[in-house]
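**Q** Let me give you the structure first, and then I'll get to my questions.
The values are calculated or read from the model by the stated rules, or taken from the named source; none is laboratory data. Keep in mind that this is a model prediction, so the values were computed, not measured. When we count neighbours, we look across all protein chains shown, and the Cβ atoms used for this are built from the backbone with ideal geometry, even at glycine.
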Amino acid sequence: MNIISIGYLGFETAKLDQWREYGPEVMGFQIAKSPQSDPDSLYFKMDDRRHRIAFHPGTIERVSYIGWETRNRLDFIDAVKQLDKHEVAYTVGDAALCETRGVKELVRFRDPVGYQHELFYAQKWTPRSFTPGRPHGGFKCDERGVGHIVLMTPEFTPELEHFLIEVMGMQWYGWGAGKGRTEFLRAKLNDQTSHDIAYGLAPGRMGVQHVGVFVNSVRDVGETYDIVLERELDLLMTLGQHSQDPHMSFYHFNPSGFAFECINELEPWHGDPFELNPEKMSTWGHKMVGSIIGPSVGKPEDVYPEIYGKK
């Protein structure tokens, strides 16, 4: 599949009021106008796209869908053929759903773990429409989209790896560093960053561990870091630099209980062609000061009862 990156993310939350304050005041997101078809949800802009992140009313803090962007209609058609070839069940988004997402066409399907994915092309945008929610230098989206997401999986199965590599055409990057087992992958057309998605092994649990977003300057990282400290929000890791890419970042927990990694590129990613296998996770910093897994990760039957609940 000729996938560029994660174009948008959707979450469910019972904490919309907290997100309405936290999104612009801490992260610098712009509150976007909600679609007429979805007035009760909260939409955030990170650039000139109609939106990048959406929060929908719910009772469980969880990711609802991951939207993967294809380059154009022809690549979208080819991607759907891949789903047909591998007998992956999917539903076609109707006109109302496409208008809500702001795209021309989309299809929806689940991976073997149960996470919902969407494929789309041509999301609406308006030039010079992004205004950050607070003084902020802006987010580096473009080809890299929202950024990356790390999901937890109760187990790694051959079906999951087949789905990611053979069906979705992801590029394998490696297992990462540290004590855990986390599988890193990036979209076929991604030459900007080391990974778009990762699955971390968490026996008996699933949910979002963190979402990484790129900002335009070191100052944006530092000012966000100061705001997090001033508000006494829970940190996961302090400022630091990972081994696999020349980026500086820190991690903190948001109202839904997963972490945001706020990242700035100290240098462009070098496009390492070799499998990821660093001696240690970070070259400096990134002191672990909080739990690696937040409250957004739980038993599958609690996070996705419609899939794993009692039948």
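**Q** Looking only at the stretch 84-134, count how many residues are loosely packed, with under 14 Cβ neighbours inside 10 Å and of a type in the set (D, E, K, R).
**A** Of the residues in that region, 6 qualify.
**Q** Another one. Of these, 139, 130, 163, which one is touching a helix residue (DSSP H, G or I) at 6+ places or on another chain (Cβ under 9 Å), among the aromatic types (Phe, Trp, Tyr) and at pLDDT 95 or above?
**A** Every option except 139 fails the conditions.
**Q** A follow-up question, please. Please indicate, with yes or no, whether at least one residue in the stretch 61-78 is within 25 Å of residue 307 (Cβ to Cβ), assigned to a strand (DSSP E or B) and in contact with a helix residue (DSSP H, G or I) (Cβ under 6 Å, 6 or more places away or on another chain).
**A** yes
**Q** Looking only at the stretch 254-280, filter to residues that are surrounded by 14 or more Cβ atoms within 10 Å (Cβ to Cβ) and among the polar types (S, T, N, Q); which one of those is farthest from residue 155 (Cα to Cα)?
**A** 264
**Q** Determine, yes or no, whether residue 40 is assigned to a loop (DSSP other than H, G, I, E, B), among the acidic types (Asp, Glu), touching a residue at least 12 places away in the same chain (Cβ under 8 Å) and surrounded by 15 or more Cβ atoms within 10 Å (Cβ to Cβ).
**A** Spelling it out, it is not the case that residue 40 is assigned to a loop (DSSP other than H, G, I, E, B), among the acidic types (Asp, Glu), touching a residue at least 12 places away in the same chain (Cβ under 8 Å) and surrounded by 15 or more Cβ atoms within 10 Å (Cβ to Cβ).
**Q** So, one more: Of everything in the stretch 56-84 that's without any contact (Cβ under 8 Å) to a residue 60 or more places away in the chain and under 30 Å from residue 302 (Cβ atoms), which residue is farthest from the chain's Cα centre (by Cα)?
**A** This residue is 59.
**Q** Another question about this same structure. Of all residues in the stretch 180-199, count the ones that are of a type outside the set (D, E, K, R), modelled with pLDDT of 90 or more and within 15 Å of residue 242 (Cβ to Cβ).
**A** 3
**Q** Any idea which residue in the stretch 115-162 is farthest from the chain's Cα centre (by Cα), counting only those that are of a type in the set (Lys, Arg) and within 26 Å of residue 207 (Cα to Cα)?
**A** By that ranking, first place goes to 140.
**Q** Condition check: closer than 25 Å to residue 25 by Cα and either in contact with a strand residue (DSSP E or B) (Cβ under 7 Å, 6 or more places away or on another chain) or free of Cβ contacts under 8 Å to residues at least 60 places away in the same chain (or both). Does residue 306 satisfy that?
**A** Here the answer is no, as residue 306 does not meet what is asked.
**Q** Right, something else. Among 226, 191, which is the only one that is in contact (Cβ under 8 Å) with a residue 24 or more places away in the chain, more than 17 Å from residue 46 (Cα to Cα), loosely packed, with under 15 Cβ neighbours inside 10 Å and not aliphatic (A, V, I, L, M)?
**A** From the options 226, 191, the qualifying one is 191.
**Q** Right, here's the next one. I'd like to check something: does the stretch 204-220 contain any residue that is touching a residue at least 60 places away in the same chain (Cβ under 8 Å) and farther than 25 Å from residue 52 by Cα?
**A** yes
**Q** Can you name the residue in the stretch 281-311 that is more than 19 Å from the chain's Cα centre (by Cα) and either closer than 21 Å to residue 172 by Cβ or among the aromatic types (Phe, Trp, Tyr) (or both) and is also surrounded by the most Cβ atoms within 10 Å (Cβ to Cβ) among such residues?
**A** 281
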